[in-house]
Amino acid sequence: MVFSVGGRMTGVAPTQGTLMTSFNDTRHLWALGACLAAVGLVGMAVRREMVPDDFGTKGPYRASALDDIAAQPSLFQADATCHACHESVEHERAGTSHEAVGCTHCHGLAVDHVSIARRGAEDPTVTLPPAAEWDGDFLTKTDLYISKDRATCLSCHQAVVGMPADFKKIDVAVHLEEQGASEPLSKETCFECHGGHDTAP
Amino acid sequence: MSLFELPILPTLGAAAAGGCASGGCSSGGCGTGGCGSAQAERTSENSRREFLKTATTLTLGAMSLTLLPGVTAGDDMLPLPPPGGDGHAPAAKPMYGFLIDTTKCIGAGKCLTACRVENSVPEGQSRTWVERYVHYKDGRVEVDLVPETGYAGSGEVQPAAEDVLRAYFVPKLCNQCVDAPCNQVCPVHASIKSPEGIELVDTERCIGCGYCVQACPYGIRFMNHDTGVADKCNWCYHRVMRNEQPACVEACPTGARVFGRIDDPDSEISRRLATVPTNVLKQHLGTLPLTRYVGLTDEVT
């Protein structure tokens with residue numbers, strides 16, 4: 001029996017030089033070692049397959065993920081984008097209480113408007129489509145709007161518990177009474193007294 | 001043959017030597033006590049030493065394989081941040097900060113729509129939200145969420161102003177913790193702390209286990225219904241990389257959200273942070289948030 005332990009129990013202590021010969025199960029260890037090496041090699045092959053090539057070059061993550069995330073398009077335009085063409089509006093709004101209110105609040109994202117306008121700067125045959133009809137679906141479409149609907153104004157200014165004390169809160173009924181106006185109101189009723197870009201009454 | 005007779009179990013060598021009667025002790029040299037016990041121990045000692053020698057050689061040999069170039073995936077076993085110009089200090093990167101001024105928020109909800117549109121967040125989920133804290137005169141404090149249309153568009157019944165002691169809005173978004181718990185728990189390295197310090201989700205690597213959602217003490221992370229993987233506010237990383245402001249900052253009509261570089265002393269956020277007392281949420285957790293608040297009360301967590 002090759003697995004026998006007793007096989008090496010000869011009753012005589014082997015000398016230093018005959019250690020290997022007295023140990024007759026070496027090939028099992030070689031088999032064990034081969035198994036371990038095989039497992040290690042398979043593991044390394046799997047790891048090589050699973051771990052992205054650029055993993056760890058910038059930190060413990062897939063480095064190209066940074067570029068993937070940064071490639072997402074920007075939908076919201078800063079006011080500077082609008083003012084690049086609409087300089088007069090910038091001057092009109094400068095110093096007013098609504099200077100910090102983004103153009104998008106009343107005009108929508110206007111992504112299409114901007115991209116068409118940029119093409120139009122190079123190709124004069126490209127013309128801008130007219131502003132779309134406001135439907136109250138604020139900021140969820142990429143068209144350009146011109147909103148004079150009082151709902152737009154009230155989306156910020158309607159008095160709500162929790163607003164800061166110095167914010168201009170409007171309770172429509174009270175405000176109209178103060179101004180001597182009465183129902184029924186038109187959609188554009190705010191603009192009967194207030195301006196658009198400069199909203200002072 | 002029983003397992004105990006196999007020589008690959010060195011610690012059992014002595015027991016096997018003594019108990020070989022149960023196996024095939026063909027030589028019969030030493031049965032149970034047939035030979036001197038000292039001799040048997042020495043023999044057993046020698047075979048154990050042989051075993052250890054061979055096993056160690058094989059193990060070291062197998063381990064040395066991993067040192068060979070090209071066998072492993074590279075030097076990325078323990079990735080370290082790339083060194084800076086002198087090879088020691090980390091490279092100088094822009095540092096960003098976010099300041100929420102609760103005294104300016106009007107609860108219009110513009111930031112909520114802006115974030116949803118900019119980042120294609122599915123309906124019913126949000127990367128950012130605005131809480132309203134209403135302190136009543138009778139001591140109660142109630143918290144509700146600002147609807148995406150704002151209260152004006154929602155038609156919700158408002159608390160009676162005469163019962164209210166104080167009320168204010170608190171926008172919430174990712175705190176971008178320097179020591180982020182959500183980052184630490186990701187099992188597949190899909191949680192990324194970008195070189196700029198912004199916490200990101202690698203949606204390609206994320207397996208959707210949701211562990212990070214559990215780990216975030218601020219409840220910022222969620223499982224995106226559309227993609228099935230983790231999603232979170234990333235301060236509009238794609239915009240920041242183009243030197244643009246995050247969408248919610250662009251959308252805020254009152255300047256309650258301020259974003260900028262805190263390594264630039266001339267930026268608006270740096271000036272504000274230097275002059276106005278600010279707090280962070282759940283400071284006791286030691287997560288070191290980069291999102292700071294003006295006007296937090298103890299009720300806000």
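We did not get these values from a lab; they are worked out from the coordinates using the rules stated. Everything numeric here is computed off the predicted structure, so don't read it as measured data. No Cβ is skipped: glycine too gets one built from the backbone with ideal geometry, and neighbour counts run over all protein chains shown.
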One finds, for residue B:188 and residue B:56 with R0 = 41 angstrom and r their Cβ-Cβ distance, a FRET efficiency to the nearest 0.05 of 0.75
Here FRET efficiency (C-beta to C-beta, residue B:299 to residue A:127, R₀ 51 Å, nearest 0.05) is 0.40
Once residue A:187 and residue A:115 are pulled to full extension, the length gained, defined as 0.36 nm per residue separation minus their Cα-Cα distance, is 22.9 nm
For residue B:163, placing the label point 7 angstrom along Cα-to-beta-carbon and taking segment A:155-179, residues whose amide nitrogen sits under 15 Å are A:161-162
In this structure, among A:169/B:110; A:148/B:110; A:148/B:232; A:168/B:282; A:169/B:282; A:169/B:232, pairs with alpha-carbon gaps over 25 Å are A:148/B:232; A:168/B:282; A:169/B:282; A:169/B:232
Simple SL model, points at 7 angstrom along Cα→Cβ for residue A:142 and residue A:44; separation in nm is 5.0 nm
Taking every residue of A:162-172, the Cβ atoms of other protein chains inside 10 Å of its Cβ average out to 5
Placing each pseudo-label 7 Å from Cα in the direction of the beta carbon, residue B:93 and residue A:100 end up separated by a distance in nanometres of 3.0 nm
Zone reached by a paramagnetic label modelled 7 Å from residue B:209 Cα along Cα→Cβ, restricted to segment B:148-189 with backbone N below 14 Å, covers B:182-189
